[in-house]
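Take a look at this one; I'll ask things after.
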Amino acid sequence: MSDSAKQKQIIQAVNILQAGGLVAFPTETVYGLGADASNPTAVRKIFAAKGRPADHPVIVHLAAPEQLNTWARDIPAIAWQLAARFWPGALTLILKRAEHVCDQITGGQDTIGLRVPSHPIAQALLQAFGGGIAAPSANKFGRISPTQAAHVQQELGDQVDLILDGGASHFGIESTIIDVSGATARLLRPGAIPLSELNNIIHGTAALTPAKEMTRTSGMLLSHYAPVTPLKIVPKTTLSTLIKTLLSADNKIGVLAHSVMPTEKHEHLTWYTMPAEPISYAHELYSTLRAADAQKSTIILVEAVPEQEAWLAVKDRLKKAEGTV
Ligand code: TXA
Ligand code: MG
């Protein structure tokens, strides 16, 4: 697409947002389903399109860190330090909300999630629009986030006024969420930015919060980020035996494995060789799960990933897809 055609699309997108419509747009993490964050009626349309319960807060996307002041209050120094280091980028900060922020955004809570994305199309859109864009991932509630425009088209095509196509998302996994609204910084969702990088700034005070405290963060719910097909995480040592057993019982299976190679060929077995390194694995994960879903298998088996911290976000998404976190 030429630069002037791209510019025209951004103007069209801004017009849609101003008129209270929905625009899906690419970010460096996953695609977002955007609406004018200061228009409660428009924000309600996001919930209707996704089938998302009304008490789940959505992230507001901003063009630049300076806009934090417009959307949050009592901003601690650590928030500015994190913003300076990671924005624009794949970090979401939870802060105390500013007075004017509507309940549709916050799910009625006193906090707001804010992020300045780096993707050039997201940036162009935010700069041209000027205000905040409320945007959860552009998928049906509980399902896998889209990492390509075609995924949004398939899942929400008829409910979105415009889909901006920015190619495959760079990270392919959602932003890391840190809550800095309280006395200590807390990690609410591991994500595209690894903990090791965050801890350089937070000096090791970010700690995983037990899931039971986090029911208001939909990313912390059971069976989130899930394919339609049941998924099971299987240790490397038992994978081939389980495959044999399932195939002999006439199952159709998809296997995602990063170190085990296929031992047999079978018409009911589809093997997806995953990268052996966590960042590339994350990049491939959702599109591979979508592909495995499309095979209409009885079950998707995933070789368990390593326990190291670098795999934290991938492990979290796999457990949620399995329904065990
Ligand atoms: O990478 C991302 O974060 C993508 C892109 C589009 O920016 N967005 C995304 O949005 O993943 P969503 O809605 O699918 O997930 C955002 C998570 C949800 O689990 C939501 O509950 C949580 O952020 N969240 C948003 N505002 C919050 C708040 N005020 N307090 C606690 N959690 C919040
Ligand atoms: Mg989501």
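Every read-out reported here was derived from the displayed coordinates using simple, explicitly stated rules and does not represent laboratory data. This one's a predicted model, so the numbers in the text were calculated from it and none came from an experiment. Glycine also receives a Cβ, built like all others from the backbone with ideal geometry; neighbour counts cover every protein chain displayed.
Determine the gain in length on full extension of the stretch Asp250-Gln154; use 0.36 nm per residue of separation and subtract their C-alpha separation, reporting nm with one decimal.
Between Asp250 and Gln154, full extension yields an extra 31.6 nm.
Could you tell me how far the Cα centroid of the range 43-101 sits from the Cα centroid of the range 291-306, in Å?
Cα centroid of the range 291-306 versus Cα centroid of the range 43-101: 34 Å apart.
Please state the Cα pair-distance histogram of the range 236-325 with 10 angstrom bins from zero: what percent is in each bin?
The calculated distribution, bin by bin, is 16, 51, 29, 3.
Same structure, new question: When a/c reaches 1.5 or more, the comparison of a/b and b/c decides; with that in mind, is the range 3-52 rounded, prolate or oblate per its Cα gyration tensor?
Cα axes put the range 3-52 in the oblate bin.
Helix-only mean residue ellipticity at 222 nm, the chain, DSSP H runs n ≥ 4 weighted -39,500 (n - 2.57), per residue, nearest 500. What is it?
One gets -10000 deg cm²/dmol as the mean residue ellipticity at 222 nm.
Below 13 angstrom from the Cβ of Leu239, what's the summed charge of the other residues (Lys, Arg +1; Asp, Glu -1)?
Neighbourhood net charge equals +1.
Also: Would you mind checking Lys6/Lys96; Lys8/Lys296; Lys252/Lys315; Lys45/Lys232; Lys50/Lys265; Lys96/Lys232 for any pair whose Cα atoms are more than 28 angstrom apart?
Lys6/Lys96; Lys8/Lys296; Lys45/Lys232; Lys50/Lys265; Lys96/Lys232
Let me make sure I get this right: for the range 45-193, a, b and c are the square roots of the gyration tensor eigenvalues over alpha carbons, sorted descending. Under 1.5 in a/c it's rounded, otherwise prolate if a/b > b/c, else oblate. Which is it?
In terms of gyration-tensor shape, prolate.
Taking square-rooted eigenvalues a ≥ b ≥ c of the alpha carbon gyration tensor, is the chain rounded, prolate or oblate, where a/c under 1.5 means rounded and, failing that, a/b exceeding b/c means prolate?
prolate
Among DSSP beta bridges whose residues both lie in the chain, state the antiparallel percentage, nearest 5.
40 percent
Full extension from Glu309 to Glu277: what is 0.36 nm times the residue separation minus their Cα-Cα distance, to one decimal in nm?
Value of the extension gain: 10.3 nm.
For Ala183 and Glu66, what is the calculated FRET efficiency with R₀ set at 22 Å and r taken between the beta-carbons, to the nearest 0.05?
0.30
Which length gain, in nm to one decimal place, applies between Lys296 and Gln12 when the Cα-Cα distance is subtracted from 0.36 nm times their residue separation?
Result: 98.5 nm gained on full extension.
Ala19 to Thr324: FRET efficiency via 1/(1 + (r/R0)^6), r the Cβ-Cβ distance, R0 41 Å, to the nearest 0.05?
Once rounded, the FRET efficiency stands at 0.45.
Summing Lys, Arg as +1 and Asp, Glu as -1, what charge do residues with Cβ under 14 Å from the Cβ of Cys102 carry, Cys102 excluded?
Net local charge, Cys102 excluded: -2.
Of Gln127, Gln9, Ile46, whose Cα points farthest to the positive end of the dipole of the chain (charges on the beta-carbon: +1 Lys, Arg; -1 Asp, Glu; origin at the Cα centre)?
Ile46
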